[in-house]
Structures are given as structure tokens and as C-alpha cells.
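Novice: The structure under discussion is supplied below as C-alpha cells; questions concerning it will follow.
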There are 2 protein chains.
Amino acid sequence: ISAYLTFSSPIFADSKSEIAKFMSVPLTDYETLKKESKNDMKAKMELFIMEMQGEICRKLEKLDGKQNFQIDKWNRKEGGGGITCIMNGGDVFEKAGVNISVVHGDLPPAAVAQMKSRGHDLNADKSLPFFACGISSKNPHVPTIHFNYRYFEVKNEDKKIWWFGGGTDLTPYYLNEEDCKHFHKTLKAACDKHSPTYYEKFKKWCDNYFFIKHRGESRGVGGIFFDDLESPNQNEAFKFVQTCAKAILPSYVPIVEKHKSDSYTQAEREWQLLRRGRYVEFNLVYDRGTKFGLMTPGSRIESILMSLPTYAKWEYCHNPKPESNEAKILKVLKEPVDWIKQ
Amino acid sequence: ISAYLTFSSPIFADSKSEIAKFMSVPLTDYETLKKESKNDMKAKMELFIMEMQGEICRKLEKLDGKQNFQIDKWNRKEGGGGITCIMNGGDVFEKAGVNISVVHGDLPPAAVAQMKSRGHDLNADKSLPFFACGISSKNPHVPTIHFNYRYFEVKNEDKKIWWFGGGTDLTPYYLNEEDCKHFHKTLKAACDKHSPTYYEKFKKWCDNYFFIKHRGESRGVGGIFFDDLESPNQNEAFKFVQTCAKAILPSYVPIVEKHKSDSYTQAEREWQLLRRGRYVEFNLVYDRGTKFGLMTPGSRIESILMSLPTYAKWEYCHNPKPESNEAKILKVLKEPVDWIKQ
């Protein structure tokens with residue numbers, strides 16, 4: 001782990017410039033980014049994720065009303081770096097992290113393999129703008145949202161291979177069907193703008209991906225997830241990723257606003273902590289992004305494990321009472337629901 | 001996961017019999033076990049781990065003074081089963097679990113590979129008496145102990161391959177050098193009875209095994225760890241395992257008695273929870289026993305993940321103040337100490 005700098009926000013004097021919307025100066029020199037973004041997808045993606053990080057963090061700060069994000073810009077010795085924005089102990093959010101990484105240089109094949117479903121023979125230079133995030137509230141009635149969007153580019157001898165991946169998913173602790181419908185409908189509308197097949201395909205992919213095999217249950221109520229996206233062409237795939245990223249706040253903010261003042265009991269809080277234990281199990285045992293991070297030399301462990309909850313709990317053979325609110329959400333986690341048809 | 005039965009202890013009327021020392025009736029029929037234990041190591045090991053489970057659980061109940069162990073005997077559909085003894089919310093112990101499994105039948109090669117360092121071509125029938133345990137106190141001044149001892153026997157065509165493995169290690173939250181010395185000296189004395197080379201070798205193995213690579217630190221202050229033990233012969237190797245298992249209580253009980261009434265602050269408790277987060281990271285990312293369990297069809301997930309703490313915590317970029325008590329233990333976790341020479 002290389003040294004990193006800590007800024008406090010806001011850091012820009014000129015509020016009129018595009019850069020003022022960012023949470024920090026970009027990892028790549030801004031003038032270079034602007035120039036290269038005309039032709040180069042790496043630069044386009046980096047600018048876009050900087051913009052999204054700013055938009056999301058500022059909205060969450062407003063929603064929370066108390067806490068601001070702490071901003072850590074860090075460099076990776078082997079190439080690239082990241083901007084980690086984290087909020088702890090807010091009034092609404094127990095922990096919110098919005099992380100960007102732009103990783104260059106040689107990655108070990110085992111790490112690259114974690115990021116890809118297709119089988120390509122990969123080596124040589126790699127570049128990976130990566131935008132990942134997890135946000136959780138202290139109130140058990142406010143679900144946790146997680147999303148990450150990434151662009152991967154690999155030069156293999158003379159051929160450039162690239163793809164996009166990403167997804168947005170929701171982890172409620174108590175079932176509110178209206179919230180699930182709103183969340184899925186917002187993501188479906190984003191998908192439908194680009195292809196009538198995307199939502200169904202990426203919803204199913206999400207249910208399969210966030211499945212905790214050893215528990216026989218999903219981490220949450222799903223959303224969308226995709227990888228290896230290279231069609232119909234680079235610009236259209238990028239536009240799709242942009243639409244998805246722009247749908248994050250509309251899918252989530254109304255749910256937070258609806259529930260952030262809900263009252264809750266200590267027993268409900270304990271149930272939330274048990275479910276956060278499951279979240280930890282998924283992230284450490286199965287999540288490809290986490291494994292990618294743990295296998296990438298010089299990666300910044302605090303940014304990778306930012307997605308772990310502040311508190312988690314394990315209780316031997318905990319089984320909610322039949323017909324309880326806890327049993328209701330468990331049932332949905334064991335059998336994914338079609339929230340659009342519902 | 002197959003059905004399991006719950007007993008409450010004590011379950012035996014005839015307190016004079018050997019079986020009365022166990023926590024439950026054995027997995028294998030007792031008369032069969034007694035008969036086969038004359039010649040068969042699987043039966044010998046099963047009887048021994050039953051005896052140890054009884055000895056350890058009853059001592060811990062006495063130490064705690066409030067809680068008794070809950071006893072779950074469960075069967076594995078594919079062959080074998082286990083006896084899980086767990087104590088939650090005691091006066092001294094926040095969570096104590098003493099688990100036995102006796103697993104028969106075909107194991108997937110990936111699962112067997114997790115239990116073994118040597119490279120053998122393994123298939124066919126497997127049998128594995130396995131005795132695993134983790135005990136943690138709520139008081140941050142009482143360390144967590146973990147141990148597991150196992151016998152593995154594989155029939156490969158006509159050849160029987162067998163080996164022993166195991167270890168005992170300590171995870172303190174605050175450094176007490178006297179405790180570390182006592183713990184290591186007790187384990188060294190056990191090793192020295194069998195070979196002058198064992199302690200040094202198995203202490204180093206333990207330091208290497210319980211290393212959390214992505215954090216650059218050990219899970220605790222070590223102890224002993226070994227695998228693939230088949231020398232000098234089966235009976236002598238078994239005697240060594242017995243000596244090690246018999247050393248568990250003497251290595252740990254005096255430390256618990258010394259600290260169980262120590263006062264502590266909320267800040268010390270929070271530090272303990274952060275360290276328990278590291279414990280979770282080790283167990284889910286690296287521990288071969290956990291991976292073995294997660295990969296073994298029909299394994300009982302609640303018994304495998306029994307070693308996870310009741311509560312754990314993660315805090316972004318938490319760094320103890322230099323020279324603080326928290327920094328002192330971290331230093332030892334980053335550079336293993338020779339507690340015998342010390």
C-alpha cells in the first residue's frame with residue numbers, strides 16, 4: 001500500500017468549472033483527461049466516474065444532513081490509484097463509501113480472471129477504471145444499496161480487448177414490496193432504453209451472482225448485474241453504463257426518504273446485524289471484486305474492504321419465528337421474486 | 001444439511017460409565033467403537049475426541065459459572081455427522097463452541113485438498129474424525145483460544161493413506177507478555193515430550209498459517225500448528241495429538257482465571273470487536289478448515305461458521321495511537337515473537 005493524501009472537501013476555488021463537481025482532483029491530470037477523452041474510453045470512463053462520485057456523494061451528504069464525506073486520494077505504486085469517499089456515523093447513514101479506482105500496469109492473471117466471465121488469454125498491460133460503492137444506513141428499515149461499474153481494457157499483443165461490467169443491487173433487512181418494485185422498475189426503465197432484453201437477463205444474472213451458496217439464500221432482493229459487455233459497440237455500451245449509473249440515485253433516494261425516520265426496536269437492530277453478517281460472508285467468500293482486490297498487488301485494502309459493515313453479528317442456529325417479519329424477508333431471499341410482474 | 005437432534009445435558013443416567021463423560025452419545029454406536037478401537041485408529045480417535053469434548057466443555061461450564069452448553073447432535077446424509085456444543089452469552093464466555101465431526105464417504109477432491117499440504121492422488125472412501133473448537137470471552141482482556149485436531153484416512157485403491165493434523169493458538173486483544181509465555185511454554189512442554197524439534201517447527205508453521213496476508217498481520221500470537229503428521233508411526237503420532245489436546249486446558253484456563261474479572265472500558269470493547277473483524281477475515285478468506293467445510297456437500301454450515309464471533313466491527317482506516325495498548329499488540333501481530341527466549 002502506497003502513501004495517500006487526505007483532503008477535506010470542498011477543495012476547489014473555482015466552482016464554475018467541471019472539476020468543481022468532483023470530490024477531488026482526478027487521478028489522471030485533468031487537462032490530459034479532457035484531451036484524451038475525445039478518443040479514449042479509459043479517459044471517458046474516468047471523467048464519468050469522477051462526475052458520478054461527486055453527484056452521489058453530494059446527494060448523500062444532503063440526505064444525511066449531518067456528516068460529510070472524508071476524501072482519501074491514494075496512489076498505487078504499481079500504477080494508478082483511487083479516490084475513496086467515506087462517511088461514518090451520519091444521522092441517516094451508518095456507513096457510506098463511494099470508491100473510484102483507476103488501476104494500470106500488470107495485474108496477475110488470477111486477479112484478471114476474477115473480473116471476467118469469458119475465457120480470454122490475458123496478459124500484458126491492463127487498465128481498469130473502476131467505480132464501486134456500498135451504502136448502509138443504521139436504521140434497519142432503510143435497505144443497503146451496493147453498486148459498481150467498471151471498464152476493463154487489456155492490450156494482448158497487438159489486440160486491444162475491452163469490456164464493461166457492473167450492477168446495482170438492494171439489501172433490505174425487512175421486506176417492503178413497494179420499495180422492491182420501485183427499485184426494480186427504475187432499473188428496468190434504465191435497461192429498456194438500451195435493449196428490451198437487458199433487464200430480464202441482467203436481473204437473473206444478479207440473482208445468480210449474489211447468491212450465498214452455503215446458506216442457500218441471496219444477499220438481498222437483487223437488481224441488475226452484468227459483465228463482459230462489449231455490444232453493440234463501445235460507445236453504446238458506455239451509454240448504457242451511464243444510464244445505469246444515473247439511475248442509482250432515483251432507485252434509492254426515495255426509499256431512504258420514506259424510511260429514514262421509521263422507528264425501530266433493539267431486536268430489529270440485532271436482526272439487521274445478523275443480516276450484515278451474511279453480507280460479510282458473501283463479500284469475503286464469493287465476491288469477485290473483493291477477490292480481485294485481495295489478489296492485486298499494491299491494492300489498497302481499506303478501500304476494498306470498505307464495503308464491510310461497521311457492525312455485524314453471528315448467532316448459532318438463529319431461526320426467525322414463522323410468519324414473523326424476519327421470516328418474510330428470508331422467504332424472499334430463498335426464492336427470488338419477479339418484482340415487475342408482482 | 002440433514003436433520004439434527006437437540007439434547008439437553010446431562011443425558012446419561014449411569015454416571016459411572018465412560019460414556020457419562022461425553023456430552024452426548026457418540027456418533028458411532030458405542031459398543032462398535034469400543035470393539036473397533038482395539039485395532040482401528042478412526043475408532044480410537046473418535047473415542048478420544050468425545051472424551052476431550054466432555055472434559056473441555058465441563059471445565060468451561062465450571063469456569064463460566066452461569067451458562068451450560070447447548071448440545072446438537074446431527075447426522076450427515078452422505079455419511080457421518082457431528083456433535084456441536086455451544087455456549088452463548090455466559091458470564092465469562094461470550095461464545096464458546098466445541099465441535100466434533102466424523103465425516104465418511106466421498107469428499108470432493110477440492111475439499112480434501114484444503115486439508116492437506118502433501119500432494120497425494122486422493123479419491124475413494126474418506127473418513128475424517130475432526131475435532132474443532134473456538135472459545136471467546138466478552139472481556140477484551142481475556143484472549144480467544146482456538147484449536148482443532150483431526151485424523152484423516154483415505155483409501156486409495158488398495159492403499160490406506162492417513163495423517164494427523166491440528167493446532168492450538170491464542171488471539172489476545174491486549175498484550176500480556178506473561179500470558180503469551182505461559183501459553184507457549186505449556187505447548188512447548190507438550191511438544192518436547194515427543195520430539196525436541198516439534199515446538200520450533202510447529203510454532204513457525206502456526207505463525208505462517210494464521211497470517212492475514214492482505215493485512216500484513218497475524219490473527220493472534222500463535223501457538224502450534226501441524227498437518228500431514230504420519231511419523232514416527234501411527235500410534236506415536238496419535239499419542240502426540242493426545243498430549244497436545246490434553247495441554248489445551250492447562251495452556252488457557254489460568255489466563256482466563258487471571259483476567260475474567262478485569263475491568264474494561266467501552267473503547268477497549270470496541271477495539272476487541274475490530275480485532276474480531278480480522279478474525280472473520282482470516283476464517284472466511286484463508287482458513288482451510290472453513291473452506292473444507294464450505295466445499296463439503298452436506299456439511300453443517302452452522303457448525304462450520306460457529307467460529308465466527310457474536311459481534312464484529314470494521315472501521316475504515318482505523319489506526320491506534322502510537323504507544324497505545326492497541327498499538328502494542330499490533331506490533332506483535334506484525335512481527336511474531338519468540339515467547340520462549342523472551
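Novice: Of these, B:I248, B:I255, which one is of a type in the set (A, V, I, L, M), away from chain A (no Cβ under 14 Å) and touching a strand residue (DSSP E or B) at 6+ places or on another chain (Cβ under 7 Å)?
Specialist: When all the criteria are applied, what remains is B:I248.
Novice: Of the residues A:E302, A:E326, A:E335, which is more than 7 Å from every other protein chain (Cβ to nearest Cβ) and closer than 30 Å to A:M87 by Cα?
Specialist: A:E326
Novice: In segment A:273-290, how many are more than 9 Å from chain B (Cβ to nearest Cβ), under 20 Å from the mean Cα position of the chain (by Cα) and outside any loop (DSSP other than H, G, I, E, B)?
Specialist: 7
Novice: Looking at this structure, is A:D72 more than 17 Å from the chain's Cα centre (by Cα), modelled with pLDDT of 90 or more and either surrounded by 22 or more Cβ atoms within 10 Å (Cβ to Cβ) or assigned to a strand (DSSP E or B) (or both)? Write out each step before concluding.
Specialist: Working: more than 17 Å from the chain's Cα centre (by Cα): yes; modelled with pLDDT of 90 or more: yes; either surrounded by 22 or more Cβ atoms within 10 Å (Cβ to Cβ) or assigned to a strand (DSSP E or B) (or both): yes.
In short, yes.
Novice: Another question, if that's okay. Provide a single number: the residues in segment A:81-98 that are more than 10 Å from chain B (Cβ to nearest Cβ) and buried (at least 20 other Cβ atoms within 10 Å of the Cβ).
Specialist: Looking only at that region, the number is 10.
Novice: As an exercise: evaluate A:M50 against (1) out of contact with any helix residue (DSSP H, G or I) (no Cβ under 7 Å at 6 or more places or on another chain); (2) hydrophobic (A, V, I, L, M, F, W, C); (3) assigned to a helix (DSSP H, G or I); (4) more than 17 Å from A:V103 (Cβ to Cβ) and give the number of the one condition it does not meet.
Specialist: Unmet for A:M50, out of (1) out of contact with any helix residue (DSSP H, G or I) (no Cβ under 7 Å at 6 or more places or on another chain); (2) hydrophobic (A, V, I, L, M, F, W, C); (3) assigned to a helix (DSSP H, G or I); (4) more than 17 Å from A:V103 (Cβ to Cβ): (4).
Novice: I need every pair where a residue in segment A:60-78 that is within 14 Å of another protein chain (Cβ to nearest Cβ) and in contact (Cβ under 8 Å) with a residue 12 or more places away in the chain has its Cβ under 9 Å from the Cβ of a residue that is surrounded by 20 or more Cβ atoms within 10 Å (Cβ to Cβ) and basic (K, R), sequence separation at least 6 or different chains.
Specialist: A:D72/A:R300; A:W74/A:R300
Novice: Quick one: count up the residues across segment B:203-246 that are part of a loop (DSSP other than H, G, I, E, B) and surrounded by fewer than 22 Cβ atoms within 10 Å (Cβ to Cβ).
Specialist: 5
Novice: Same structure, new question: Can A:K321 be described as charged (D, E, K, R) and either within 13 Å of chain B (Cβ to nearest Cβ) or free of Cβ contacts under 8 Å to residues at least 40 places away in the same chain (or both)? Step through it out loud before you land on a result.
Specialist: Details: charged (D, E, K, R): yes; either within 13 Å of chain B (Cβ to nearest Cβ) or free of Cβ contacts under 8 Å to residues at least 40 places away in the same chain (or both): yes.
Answer is yes for this residue.
The values are calculated or read from the model by the stated rules, or taken from the named source; none is laboratory data. Computed from a predicted structure; not experimentally measured. Neighbour counts are summed over all protein chains in view; Cβ atoms, including those assigned to glycine, are modelled from backbone coordinates with ideal geometry.
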